[in-house]
Amino acid sequence: MHRLRTTVARLRPLTAAQTAQSLSQPRPLAVEGGLRTFQPARRLNTSVAAEPFLNGTSSNYVEEMYYAWLENPRNVHKSWDIFFRNANAGAPPGAAYQSPPPFAGTSQGLASVQALVGAQPNVEKLVEDHLAVQSLIRAYQVRGHHIAKLDPLDISCVDFDDAPCTVGFYGLAESDLDKVFRLPTTTFIGGNESSLPLREIIRRLEMAYCQHIGVEFMFINDVEQCQWIRQKFETPGIMQFSLEEKRTLLARMIRSTRFEEFLQRKWSSEKRFGLEGCESLIPALKTIIDKSSQSGVESVIMGMPHRGRLNVLANVIRKELEQIFCQFDSKLEAADEGSGDVKYHLGMYHKRMNRVSDRLITLSLMANPSHLEAVDPVVQGKAKAEQFYCGDTEGKRVMSILLHGDAAFAGQGIVYETFHLSDLPSYTTHGTIHVVVNNQIGFTTDPRMARSSPYPTDVARVVNAPIFHVNADDPEAVMYVCNVAAEWRNTFHKDVVVDLVCYRRNGHNEMDEPMFTQPLMYKQIKKQKGVLQKFAEKVIAEGVITMQEYEEEVARYDKICEEAYARSKDEKILHIKHWLDSPWPGFFTLEGQPKSMNCPSTGISEEELGHIGNIAASVPVEDFTIHGGLSRILKGRGNMVNQRVCDWALGEYMAFGSLLKEGIHVRLSGQDVERGTFSHRHHVLHDQNVDKRICIPMNYISPDQAPYTVCNSSLSEYGVLGFELGFAMASPNALVLWEAQFGDFHNTAQCIIDQFISSGQAKWVRQNGIVLLLPHGMEGMGPEHSSARPERFLQMCNDDPDVFPKLSEDFAVRQLYDCNWIVVNCSTPANYFHVLRRQILQPFRKPLIVFTPKSLLRHPEAKSSFDDMLPGTHFKRIIPDDGAAASGPEKVKRIIFCTGKIYYELTRERKNRGMDEAVAVVRIEQLSPFPFDLVKAETDRYLNADLVWCQEEHKNQGYYDYIKPRIRTTISRTRPVWYAGRDPAAAPATGNKQTHLMELQRLLDTAFDLEAFSGKLA
């Protein structure tokens, strides 16, 4: 007797009374996609009345009508409904059909129905049995994966609390096993047959859902998608492979396995995070790529953790083996800039011919750190960018593949954040194939300690992604599942997950001893026959290949590895640029250097300023009704254009618009960026009378302009910043900006900032021009939303505070080239305009961190003249004092250096105190790289003045610890540098408005008290 687990079906069949009651209404199909009613199995004229067919002439038709009525009483004429209802209630022959004019022949028609159930007096048993069989089939579809043979070790700790039961659970008896049942339209197990014995139904369901593949898909709320998956797994005999496919699969398994064995022989004491225990990953990835290439995909962007990376580089991306092997040489010297990274973090870009599809395909494996899932959104962003630049609006030419470990997939929130970008219009990559290398353990942590869900893949259910679990020790099952996954992505352009259930043969890495913490698991692993050996024995037994041919194939690949190893001995220098994952052809010289060290003027013509300003002040769409308050804002912009001035929002508009006109794509994303958190931007206008009708004036600047993308993001920083970083990697000819809703929100994206943005070039020789806009300023709004934490960015700058750099003609540009990123706090709209344009006009790419204002957005003094933006003008690294102090520098007693918003409070206080001649206020607009040359010019001008750094942030925060040693180096430590600002504190700002104002006044008093520092030590 066949037994099932309890949870294979929680649905008991209806009782006779419940059945009769349910049949009085259309019976919905309680599965995917809402309420769908059954349709008749055959196309019958179900509107025909019962009378003519109850005269003894059409008993077969009566049977068909009965099945149609079982599926839905509304499928048949009302007279048939009454007839079957009465027959089901036990009416004797001749009484089931009731009609005002009685007619004869009823007894023969009822007899035809009763013949369907043998000698029973009614059809109740037939109804219940058919419902029970449908429940049984559905139970396998929903929960068959619970009892599938997924674990190669057969020790899985996943417990579904399933107690065994017989088919009697569904109201069926053993005598029913050989009874023939009609199959519902929601299964494909019958193939060309519409009815099967119950015993055969169960056998076919077991073959489809309970072998080495477990399928989770019944939560998907789309009938078409569910039927597609059912057909792929239920159709009898569908998982068949040709002899050639099996031979190819064996060859790939040999390469995957022997590569790891070669590394183990040559470097037994080196960490490499090998693939032993999941060697089928390589044919899995190659199958996905082959199938996708056949469907028209030309570019695949991949991200993965370190386990198996070297094998993927060698056998999937096809990195030269000698370039991989030479990485193990500890004496190898680095030839490129930066510190480099360990070999199992590096990426690769390669364009090659796919032998299966005979098409060129570009493969890119992204470099990433040990923060395992942090690369996920970066990959998605790069894939989206490549789709955007080649006009691939459906994801048919560019796709992404993400590899995951089981513990990280379940444990790291960035996975969830990335999944939720998958269907957003400005972020979708039209389907990603996720491959989980399910080691069934973290480093040393068991699944029961690592997650609260049965599977590590349960997070994928939030976006209705089908999940295909597969035993990684069955390469044919793996190959089939990967084919289906690639077809799914190509058909529906949605995410899909392949869960390779495997094990780690060597523990977390080759140096680790897993027996410390998982003794029973690793006792079993030591007894486990390797997957290549098992598969080779299988295909040899099947006659696919002979033992001699197998041994020759193994020897052939071993020879390839040995020859590459010999060539690797000739490599004396490590060239990280050979490992670039995102090359920019034509942007640099062949040696990877900028084509020049000059940056042209970032100003634009008066005519262009006026044109862009007028666009910013208009609604370039007819019959478009905007909000009354917005009308006033646009009118104000028009007035500024007429007066030849701009505020912060208009300065940004000028920068974006001019770049778009020059053919540079601009993409701005983040939370609420379309309007702007502070309601200052309004780049997307909304029709007040037509729902979802919008206008983006920026796209009406010029007929041949580049497109402008501005998009509100999901409420995510980690995922969205990673995505934009990846987008910026694809091309140097785009300005990609991410704006935090408030500057301090970047701290939830700190991993992307630390691991990718600040150190990406040093580790991976990967330049990137992404711009971070971080609203910053002490406005008395409390500890949150005040500080963008500039101290954190400045601490990670790589310029030396104790060395005054060698000055040259191109010093300003070369200093930018040598730094790891640029940090600015602009105090004028014109400087903001210039620094954005400089990002594109300079001959290289560096990340740009901009501390943007809040109150200055509408400050009457924070406006710039068009004169500061005309041809010949540039970004000002510092803005010297241009008032009375500059006219008589010998009279100046104090220079106050500052940055950002505090400048306006300092000048107001200076004016109120009548100290315009005694105190010079100098703004340092570019904090890093530090403008040593310009600061020296200012300190040399005011030789008799003492030096003060003033900031509104607390002393242990902000800029002071960065600025002070650099000013001291600039003046050769001949004068002290004093501090005027808030005292040290744990929080960025006070939560009390009155305290905030008192602190501000105190720091202003200190800044302008010329005797404040006498007798003190600097």
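The values are calculated or read from the model by the stated rules, or taken from the named source; none is laboratory data. Quick caveat: nothing in here was measured; it's all calculated off a predicted structure. All Cβ positions, even for glycine, are placed from backbone atoms using ideal geometry, and neighbour counts span all protein chains on display.
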What's the number of the only condition in (1) out of contact with any Lys or Arg (no Cβ under 7 Å at 6 or more places or on another chain); (2) free of Cβ contacts under 8 Å to residues at least 40 places away in the same chain that Ser195 fails to meet? (1)
Any idea which residue in segment 832-848 is surrounded by the fewest Cβ atoms within 10 Å (Cβ to Cβ), counting only those that are in contact with a helix residue (DSSP H, G or I) (Cβ under 8 Å, 6 or more places away or on another chain) and assigned to a helix (DSSP H, G or I)? Ile840
Taking segment 277-295 as the region of interest, how many residues are of a type outside the set (Ser, Thr, Tyr), farther than 16 Å from Met253 by Cβ and either outside the structural domain of Arg252 (by TED's automatic domain parsing) or out of contact with any helix residue (DSSP H, G or I) (no Cβ under 8 Å at 6 or more places or on another chain) (or both)? 1
Which one of these is within 29 Å of Lys863 (Cα to Cα), modelled with pLDDT of 95 or more and aliphatic (A, V, I, L, M): Leu721, Leu772? Leu772
Apart from one, (1) more than 40 Å from the chain's Cα centre (by Cα); (2) under 24 Å from Phe932 (Cβ atoms) all hold for Ile963; the odd one out is (1)
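Against the definition (buried (at least 19 other Cβ atoms within 10 Å of the Cβ), under 17 Å from Ala374 (Cα atoms), basic (Lys, Arg) and in contact (Cβ under 8 Å) with a residue 60 or more places away in the chain), how does Arg766 come out, yes or no? Don't jump to the end; show me each part of the working.
Details: buried (at least 19 other Cβ atoms within 10 Å of the Cβ): yes; under 17 Å from Ala374 (Cα atoms): yes; basic (Lys, Arg): yes; in contact (Cβ under 8 Å) with a residue 60 or more places away in the chain: yes.
So Arg766 passes the test.
Just for segment 716-747: of the residues that are among the charged types (D, E, K, R) and assigned to a helix (DSSP H, G or I), which one is surrounded by the most Cβ atoms within 10 Å (Cβ to Cβ)? Steps first, please.
Initial filter on segment 716-747 (among the charged types (D, E, K, R)): 717, 724, 739, 744.
Those left that are additionally assigned to a helix (DSSP H, G or I): 724, 744.
On the way: Glu724: 29, Asp744: 20.
Selected residue: Glu724.
Which members of segment 441-476 meet the condition of being free of Cβ contacts under 8 Å to residues at least 40 places away in the same chain and outside any loop (DSSP other than H, G, I, E, B)?
Scanning segment 441-476 gives a single hit, Met449.
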For residues that are at pLDDT below 95 and of a type outside the set (D, E, K, R), scanning just segment 868-888, find the one that is surrounded by the most Cβ atoms within 10 Å (Cβ to Cβ). Ala885
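A quick yes/no check of all residues on (1) at pLDDT 95 or above; (2) assigned to a helix (DSSP H, G or I); (3) under 30 Å from Asp446 (Cβ atoms); (4) not polar (S, T, N, Q):
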| site | (1), (2), (3), (4) |
| --- | --- |
| Val478 | yes, yes, yes, yes |
| Asn483 | yes, yes, no, no |
| Arg489 | yes, yes, no, yes |
| Arg505 | no, no, yes, yes |
| Lys529 | no, no, yes, yes |
| Ala536 | yes, yes, no, yes |
| Glu563 | no, yes, no, yes |
| Ala566 | no, yes, no, yes |
Candidate set: segment 675-686, residues that are touching a residue at least 40 places away in the same chain (Cβ under 8 Å) and in contact with a Lys or Arg (Cβ under 7 Å, 6 or more places away or on another chain); chosen: the one surrounded by the fewest Cβ atoms within 10 Å (Cβ to Cβ): Phe678
Does segment 966-993 hold any residues that are farther than 24 Å from Ala788 by Cβ and either aromatic (Phe, Trp, Tyr) or within 46 Å of the chain's Cα centre (by Cα) (or both), and which are they? Arg968, Thr969, Thr970, Trp978
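Check Gly613, Gly628 and return the single one that is surrounded by fewer than 22 Cβ atoms within 10 Å (Cβ to Cβ) and among the small types (Gly, Ala, Ser).
The unique qualifying residue is Gly628.
Residue-wise test of (1) in a strand (DSSP E or B); (2) aliphatic (A, V, I, L, M); (3) in contact (Cβ under 8 Å) with a residue 24 or more places away in the chain.
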| position | (1), (2), (3) |
| --- | --- |
| Gln705 | no, no, yes |
| Ser714 | no, no, yes |
| Ala749 | no, yes, yes |
| Ile752 | no, yes, yes |
| Phe756 | no, no, yes |
| Gln761 | no, no, yes |
| Leu774 | yes, yes, yes |
| Met778 | no, yes, yes |
| Met781 | no, yes, yes |
Among the residues of segment 228-240, how many are part of a helix (DSSP H, G or I) and surrounded by 17 or more Cβ atoms within 10 Å (Cβ to Cβ)? 6
From the residues in segment 132-185 that are more than 16 Å from Ala208 (Cα to Cα), aliphatic (A, V, I, L, M) and part of a loop (DSSP other than H, G, I, E, B), which one is modelled with the lowest pLDDT? Ala163
Out of segment 178-193, which residues are exposed (fewer than 15 other Cβ atoms within 10 Å of the Cβ) and hydroxyl-bearing (Ser, Thr, Tyr)? Thr185
Return the total of residues in segment 192-211 being under 39 Å from the mean Cα position of the chain (by Cα) and farther than 22 Å from His145 by Cβ. 0
Which is in contact (Cβ under 8 Å) with a residue 40 or more places away in the chain and in a loop (DSSP other than H, G, I, E, B), of Asp623, Asp672? Asp672
Filter segment 203-221 for residues that are of a type in the set (A, V, I, L, M) and in a helix (DSSP H, G or I); which is surrounded by the most Cβ atoms within 10 Å (Cβ to Cβ)? Ala208
Just wondering, is there one or more residues in segment 359-379 that are among the basic types (Lys, Arg), buried (at least 19 other Cβ atoms within 10 Å of the Cβ), assigned by TED's automatic domain parsing to the domain that holds Met302 and touching a helix residue (DSSP H, G or I) at 6+ places or on another chain (Cβ under 6 Å)? no
For segment 978-1003, give me each residue that is exposed (fewer than 13 other Cβ atoms within 10 Å of the Cβ) and not in a helix (DSSP H, G or I). Asp983, Pro984, Ala986, Asn992
Consider Ser400 against the criteria (1) polar (S, T, N, Q); (2) assigned to a loop (DSSP other than H, G, I, E, B); (3) more than 23 Å from Asp512 (Cα to Cα): it satisfies all of them except one. Which criterion is unmet? (2)
Taking Val436 as the residue in question, decide whether it is under 11 Å from the mean Cα position of the chain (by Cα) and modelled with pLDDT of 90 or more. no
